[in-house]
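K.L.:
I am attaching a structure below and will ask some questions about it afterwards.
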Amino acid sequence: MSKIAEPLTFPPAMSGEEVGGDPFDGAVMRAIRGCDAGLVCYRVAADRMGAALVMTPEVPLAKAMTMLPLCGVGFQNALGALAPPEVAVHLAWAGGILINGAACGAFRSCASAQEESDVPDWLVVGFDLPLTLASVPGDVPDQTALYEEGCADVQPERLIEAWARHTLNWIARWESEGAKPLHTEWRGLAHGLGETVVQDGWSGTFLGVDEDFGMLLRDAETTHLIPLTHLLEEAP
(Lines give C-alpha, C1' and ligand atoms only; values in the text may rest on other atoms or scores of the structure.)
Protein backbone atom coordinates (compact mmCIF):
# COMPACT_ATOMS: atom_id res chain seq x y z
CA MET A 1 0.00 0.00 0.00
CA SER A 2 1.31 3.43 -0.86
CA LYS A 3 1.68 5.62 2.18
CA ILE A 4 0.20 9.07 2.05
CA ALA A 5 2.51 11.75 3.40
CA GLU A 6 -0.34 13.79 4.86
CA PRO A 7 -3.90 12.85 5.83
CA LEU A 8 -6.48 13.68 3.20
CA THR A 9 -8.60 16.78 3.65
CA PHE A 10 -12.37 16.34 3.88
CA PRO A 11 -15.28 18.79 4.27
CA PRO A 12 -16.32 19.66 7.85
CA ALA A 13 -19.22 17.18 7.76
CA MET A 14 -16.86 14.32 6.89
CA SER A 15 -13.81 12.58 8.34
CA GLY A 16 -11.29 10.27 6.74
CA GLU A 17 -9.53 7.08 7.75
CA GLU A 18 -6.89 5.31 5.69
CA VAL A 19 -7.33 1.55 5.97
CA GLY A 20 -5.06 -1.36 5.19
CA GLY A 21 -7.67 -3.59 3.56
CA ASP A 22 -10.75 -3.08 1.40
CA PRO A 23 -12.19 0.38 2.19
CA PHE A 24 -15.76 -0.80 1.60
CA ASP A 25 -15.45 -3.70 4.03
CA GLY A 26 -13.72 -1.40 6.51
CA ALA A 27 -16.51 1.16 6.30
CA VAL A 28 -19.17 -1.52 6.77
CA MET A 29 -17.45 -2.87 9.88
CA ARG A 30 -17.08 0.62 11.35
CA ALA A 31 -20.75 1.34 10.58
CA ILE A 32 -21.79 -1.84 12.38
CA ARG A 33 -19.75 -0.75 15.40
CA GLY A 34 -21.49 2.62 15.39
CA CYS A 35 -19.11 5.15 13.83
CA ASP A 36 -20.23 8.69 13.06
CA ALA A 37 -21.89 9.46 9.75
CA GLY A 38 -19.61 11.07 7.21
CA LEU A 39 -16.68 8.71 7.74
CA VAL A 40 -14.75 8.04 4.52
CA CYS A 41 -12.55 4.95 4.58
CA TYR A 42 -9.98 4.93 1.79
CA ARG A 43 -6.97 3.11 0.42
CA VAL A 44 -4.53 3.95 -2.37
CA ALA A 45 -2.26 1.19 -3.67
CA ALA A 46 0.08 1.10 -6.64
CA ASP A 47 -2.47 -0.53 -8.93
CA ARG A 48 -5.87 0.49 -7.54
CA MET A 49 -7.73 2.84 -5.23
CA GLY A 50 -10.98 2.83 -3.33
CA ALA A 51 -13.12 4.78 -0.90
CA ALA A 52 -16.39 4.27 0.95
CA LEU A 53 -18.73 6.65 2.75
CA VAL A 54 -20.79 5.83 5.85
CA MET A 55 -24.20 7.51 6.00
CA THR A 56 -27.10 7.42 8.49
CA PRO A 57 -30.26 7.95 6.42
CA GLU A 58 -33.41 9.46 7.87
CA VAL A 59 -35.65 8.09 5.11
CA PRO A 60 -36.80 4.56 4.20
CA LEU A 61 -34.30 2.36 2.44
CA ALA A 62 -36.07 2.66 -0.93
CA LYS A 63 -35.31 6.39 -0.98
CA ALA A 64 -31.99 6.14 0.85
CA MET A 65 -30.64 3.98 -1.98
CA THR A 66 -30.64 7.11 -4.11
CA MET A 67 -27.21 7.58 -2.51
CA LEU A 68 -25.81 4.91 -4.86
CA PRO A 69 -26.36 6.86 -8.11
CA LEU A 70 -25.72 10.11 -6.20
CA CYS A 71 -22.25 8.94 -5.18
CA GLY A 72 -21.67 7.93 -8.79
CA VAL A 73 -22.56 11.40 -9.99
CA GLY A 74 -20.23 12.83 -7.35
CA PHE A 75 -17.44 10.63 -8.72
CA GLN A 76 -18.07 11.72 -12.31
CA ASN A 77 -18.05 15.38 -11.28
CA ALA A 78 -14.81 14.85 -9.33
CA LEU A 79 -12.95 13.03 -12.09
CA GLY A 80 -14.34 15.44 -14.66
CA ALA A 81 -12.75 18.32 -12.77
CA LEU A 82 -9.35 16.59 -12.50
CA ALA A 83 -9.01 14.69 -15.78
CA PRO A 84 -8.35 16.09 -19.27
CA PRO A 85 -11.55 17.35 -20.91
CA GLU A 86 -11.60 14.58 -23.52
CA VAL A 87 -11.99 11.88 -20.86
CA ALA A 88 -15.61 10.65 -20.81
CA VAL A 89 -17.06 9.13 -17.63
CA HIS A 90 -20.40 7.28 -17.61
CA LEU A 91 -22.33 5.35 -14.98
CA ALA A 92 -24.07 1.99 -15.26
CA TRP A 93 -27.32 1.58 -13.35
CA ALA A 94 -25.95 -1.34 -11.33
CA GLY A 95 -22.95 0.68 -10.12
CA GLY A 96 -20.40 0.20 -12.87
CA ILE A 97 -18.05 3.02 -13.86
CA LEU A 98 -17.11 3.45 -17.51
CA ILE A 99 -14.23 5.59 -18.72
CA ASN A 100 -14.10 6.29 -22.45
CA GLY A 101 -16.64 3.51 -22.95
CA ALA A 102 -14.80 0.73 -21.13
CA ALA A 103 -15.49 -0.72 -17.67
CA CYS A 104 -13.28 0.80 -14.99
CA GLY A 105 -14.30 -0.12 -11.48
CA ALA A 106 -17.67 0.00 -9.80
CA PHE A 107 -19.73 1.23 -6.86
CA ARG A 108 -21.13 -1.06 -4.15
CA SER A 109 -23.67 -0.60 -1.39
CA CYS A 110 -24.59 -2.22 1.92
CA ALA A 111 -27.11 -1.27 4.61
CA SER A 112 -28.23 -2.38 8.04
CA ALA A 113 -31.72 -3.07 6.64
CA GLN A 114 -33.01 -4.98 3.62
CA GLU A 115 -36.71 -4.05 3.60
CA GLU A 116 -37.53 -1.07 1.41
CA SER A 117 -39.85 0.45 4.02
CA ASP A 118 -37.33 0.29 6.87
CA VAL A 119 -35.16 3.27 7.82
CA PRO A 120 -31.64 1.83 8.00
CA ASP A 121 -29.34 2.66 10.90
CA TRP A 122 -26.53 3.01 8.38
CA LEU A 123 -25.81 2.86 4.67
CA VAL A 124 -22.38 2.47 3.07
CA VAL A 125 -21.63 3.34 -0.56
CA GLY A 126 -18.14 2.92 -1.93
CA PHE A 127 -16.15 2.46 -5.11
CA ASP A 128 -13.13 0.49 -6.25
CA LEU A 129 -11.11 1.72 -9.24
CA PRO A 130 -8.15 0.09 -11.03
CA LEU A 131 -5.27 2.47 -11.69
CA THR A 132 -3.31 0.09 -13.92
CA LEU A 133 -4.21 -3.02 -15.88
CA ALA A 134 -3.05 -6.45 -14.81
CA SER A 135 -3.13 -7.56 -18.46
CA VAL A 136 -1.61 -6.00 -21.57
CA PRO A 137 -3.72 -3.01 -22.70
CA GLY A 138 -6.07 -4.17 -25.44
CA ASP A 139 -6.17 -7.82 -24.37
CA VAL A 140 -9.54 -7.16 -22.71
CA PRO A 141 -10.92 -4.32 -24.85
CA ASP A 142 -14.05 -3.74 -22.76
CA GLN A 143 -12.04 -3.13 -19.56
CA THR A 144 -9.62 -0.36 -18.75
CA ALA A 145 -7.84 1.41 -15.89
CA LEU A 146 -7.58 5.06 -14.93
CA TYR A 147 -3.98 5.55 -16.01
CA GLU A 148 -4.66 3.95 -19.40
CA GLU A 149 -7.20 6.66 -20.28
CA GLY A 150 -5.10 9.80 -20.25
CA CYS A 151 -5.38 10.26 -16.49
CA ALA A 152 -1.80 9.49 -15.42
CA ASP A 153 -1.55 12.95 -13.84
CA VAL A 154 -4.68 12.46 -11.70
CA GLN A 155 -3.56 11.89 -8.11
CA PRO A 156 -5.78 9.26 -6.44
CA GLU A 157 -5.69 11.14 -3.13
CA ARG A 158 -7.02 14.29 -4.77
CA LEU A 159 -9.69 12.27 -6.54
CA ILE A 160 -10.92 10.84 -3.22
CA GLU A 161 -11.03 14.33 -1.68
CA ALA A 162 -12.90 15.70 -4.71
CA TRP A 163 -15.34 12.78 -4.67
CA ALA A 164 -16.17 13.53 -1.03
CA ARG A 165 -16.75 17.23 -1.74
CA HIS A 166 -18.90 16.70 -4.82
CA THR A 167 -20.88 13.93 -3.14
CA LEU A 168 -21.58 16.11 -0.10
CA ASN A 169 -22.70 18.91 -2.42
CA TRP A 170 -25.15 16.57 -4.17
CA ILE A 171 -26.49 15.28 -0.86
CA ALA A 172 -27.20 18.89 0.16
CA ARG A 173 -28.95 19.56 -3.17
CA TRP A 174 -30.99 16.36 -2.87
CA GLU A 175 -32.12 17.36 0.63
CA SER A 176 -33.01 20.93 -0.36
CA GLU A 177 -34.22 20.58 -3.97
CA GLY A 178 -35.46 17.01 -4.16
CA ALA A 179 -34.45 14.36 -6.68
CA LYS A 180 -35.11 16.27 -9.92
CA PRO A 181 -31.66 17.92 -10.32
CA LEU A 182 -29.96 14.62 -9.56
CA HIS A 183 -32.16 12.79 -12.08
CA THR A 184 -31.26 15.34 -14.74
CA GLU A 185 -27.54 15.06 -14.04
CA TRP A 186 -27.56 11.26 -13.83
CA ARG A 187 -29.55 10.80 -17.02
CA GLY A 188 -26.86 12.64 -18.95
CA LEU A 189 -24.27 10.20 -17.60
CA ALA A 190 -26.25 6.94 -17.67
CA HIS A 191 -24.84 4.09 -19.74
CA GLY A 192 -27.16 1.90 -21.79
CA LEU A 193 -30.31 4.01 -21.85
CA GLY A 194 -32.51 2.88 -24.73
CA GLU A 195 -30.39 -0.21 -25.27
CA THR A 196 -31.01 -3.90 -24.59
CA VAL A 197 -29.59 -4.91 -21.21
CA VAL A 198 -29.76 -7.89 -18.87
CA GLN A 199 -30.52 -7.31 -15.20
CA ASP A 200 -31.76 -9.69 -12.50
CA GLY A 201 -32.34 -12.38 -15.10
CA TRP A 202 -34.51 -10.18 -17.31
CA SER A 203 -33.51 -8.98 -20.76
CA GLY A 204 -35.11 -5.93 -22.27
CA THR A 205 -34.84 -2.30 -23.23
CA PHE A 206 -33.54 0.01 -20.51
CA LEU A 207 -36.22 2.72 -20.61
CA GLY A 208 -34.98 4.79 -17.68
CA VAL A 209 -35.64 4.96 -13.95
CA ASP A 210 -38.51 5.79 -11.61
CA GLU A 211 -38.45 8.48 -8.90
CA ASP A 212 -36.25 6.33 -6.65
CA PHE A 213 -33.92 5.30 -9.50
CA GLY A 214 -35.46 1.85 -9.90
CA MET A 215 -34.68 0.44 -13.36
CA LEU A 216 -37.53 0.34 -15.88
CA LEU A 217 -36.85 -2.63 -18.15
CA ARG A 218 -39.22 -3.35 -21.05
CA ASP A 219 -39.40 -6.83 -22.55
CA ALA A 220 -41.82 -8.23 -25.11
CA GLU A 221 -44.60 -8.61 -22.55
CA THR A 222 -44.35 -5.91 -19.89
CA THR A 223 -42.20 -3.31 -18.17
CA HIS A 224 -40.35 -4.55 -15.09
CA LEU A 225 -39.38 -2.29 -12.19
CA ILE A 226 -36.14 -3.37 -10.55
CA PRO A 227 -35.52 -1.40 -7.34
CA LEU A 228 -32.03 -0.28 -6.34
CA THR A 229 -32.35 -2.37 -3.19
CA HIS A 230 -31.72 -5.43 -5.39
CA LEU A 231 -28.10 -4.21 -5.61
CA LEU A 232 -27.50 -4.24 -1.87
CA GLU A 233 -24.84 -6.58 -0.57
CA GLU A 234 -25.58 -8.52 2.61
CA ALA A 235 -24.08 -7.13 5.78
CA PRO A 236 -21.62 -9.46 7.55
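K.L.:
Stretched out fully, how many nm does the piece from Asp118 to Asp36 gain, at 0.36 nm a residue minus the Cα gap? List each step's numbers first, then the result.
P.N.:
Values: separation 82, 0.36 × 82 = 29.52 nm, distance 2.00 nm.
Here the answer is 27.5 nm.
K.L.:
Please report, in whole Å, how far the alpha carbons of the range 99-177 spread along each principal axis, starting with the longest.
P.N.:
Answer, in whole Å and largest first: 46, 26, 21 Å.
K.L.:
Here's another thing I want to ask about it. Using a 1.4 Å probe, how large is the accessible area of Leu68, given in Å² and rounded to the nearest 10?
P.N.:
10
K.L.:
Right, next: Tell me, which longest segment in the chain has none of the trypsin sites (Lys or Arg not before Pro) that fall in DSSP loops with at most 12 further Cβ atoms within 10 Å? Can you show the working numbers first?
P.N.:
Details: sites that count: Lys3, Arg33.
With trypsin sites (Lys or Arg not before Pro) excluded where exposed in loops, the chain gives 34-236 as its longest stretch.
K.L.:
So what does Ser109 come to for accessible area, using a 1.4 Å probe and Å² rounded to 10?
P.N.:
Accessible surface of Ser109 is approximately 0 Å².
K.L.:
Test of the criteria: in the range 1-104, which GluC sites (Glu not before Pro) are in a DSSP loop and have at most 11 other Cβ atoms within 10 angstrom of their Cβ? Mind showing how you got there, number by number?
P.N.:
Working: sites: Glu17, Glu18, Glu58, Glu86; in loops: Glu58, Glu86.
Qualifying residues, ordered by number: Glu58, Glu86.
K.L.:
If you bin the C-alpha pair distances of the range 197-236 every 5 Å from 0, what whole percents do you get?
P.N.:
P(r) over the range 197-236, rounded to whole percents: 6, 24, 31, 21, 10, 5, 2, 1.
K.L.:
Moving on to the next point. Which far-off residues, 5 or more places away or on another chain, put their amide H under 5 Å from the one on Gln143, with H placed in the peptide plane?
P.N.:
Ala103
K.L.:
OK, next. If you average the sequence gap of Cα pairs under 8 Å that are 6 or more apart and divide by the length of the chain, what percent do you get for the contact order?
P.N.:
Values: 469 pairs, mean separation 48.3, N = 236.
Worked out over the chain, it gives 20 percent.
K.L.:
Which of Ile99, Pro11, Leu129 sits closest to the plus end of the dipole of the chain, meaning its Cα is farthest towards the positive end, when Lys and Arg get +1 and Asp and Glu get -1 on the C-beta?
P.N.:
The Cα lying farthest towards the positive end belongs to Pro11.
K.L.:
Let me ask another. Give the accessible surface of the range 57-121 per residue, rounded to a whole number of Å², with probe radius 1.4 Å and ligands, DNA and RNA excluded. Can you show the working numbers first?
P.N.:
On the way: 2370 Å² over 65 residues.
About 36 Å² of surface per residue is accessible.
K.L.:
Hey, another quick one. At 37 °C and 0.692 mPa s, what whole-number value in µm²/s does Stokes-Einstein give for the translational diffusion of the range 90-140, with Rh from the Kirkwood sum over Cα pairs?
P.N.:
On the way: Rh = 13.1 Å.
The estimated diffusion coefficient comes to 250 µm²/s.
K.L.:
Further question on the same structure: Could you give me D for the chain, from Stokes-Einstein at 20 °C and 1.002 mPa s, where the hydrodynamic radius is the Kirkwood radius over C-alpha pairs? Units µm² s⁻¹, please. Let's see the in-between values first.
P.N.:
Details: Rh = 18.1 Å.
Diffusion coefficient, whole number: 118 µm²/s.
K.L.:
Determine the calculated [θ] at 222 nm for the chain from helices alone, applying -39500 (n - 2.57) to every DSSP H run no shorter than 4 residues and normalising by the residue count; nearest 500 deg cm²/dmol.
P.N.:
Mean residue ellipticity, 222 nm, calculated: -8000 deg cm²/dmol.
K.L.:
On to the next question. May I ask you to give the percent of accessible area on the chain that is carbon plus sulfur, with a probe radius of 1.4 Å? Show your work: numbers first, answer last.
P.N.:
Numbers: 5430 of 11010 Å².
The value for the chain is 49 percent carbon and sulfur by accessible area.
K.L.:
Then there is this: Taking a probe of 1.4 angstrom, what is the accessible area of Phe127 in Å², to the nearest 10?
P.N.:
Rounded to the nearest 10, that gives 10 Å².
K.L.:
What are the residues whose amide H is under 5 Å from the amide H of Gly214, where those residues sit 5 or more places off or on another chain and H is modelled from the backbone?
P.N.:
Under 5 Å from the amide H of Gly214 lie the amide H atoms of Leu228, each far enough along the sequence or on another chain.
The values are calculated or read from the model by the stated rules, or taken from the named source; none is laboratory data. All values derive from a computational prediction rather than experimental measurement. Please note: Cβ atoms are built from the backbone with ideal geometry, for glycine as well, and neighbour counts cover all protein chains shown. Calculation scope for accessible area: heavy atoms of the full protein, side chains included, ligands and nucleic acids excluded. Shrake-Rupley method; radii C 1.70, N 1.55, O 1.52, S 1.80 Å.
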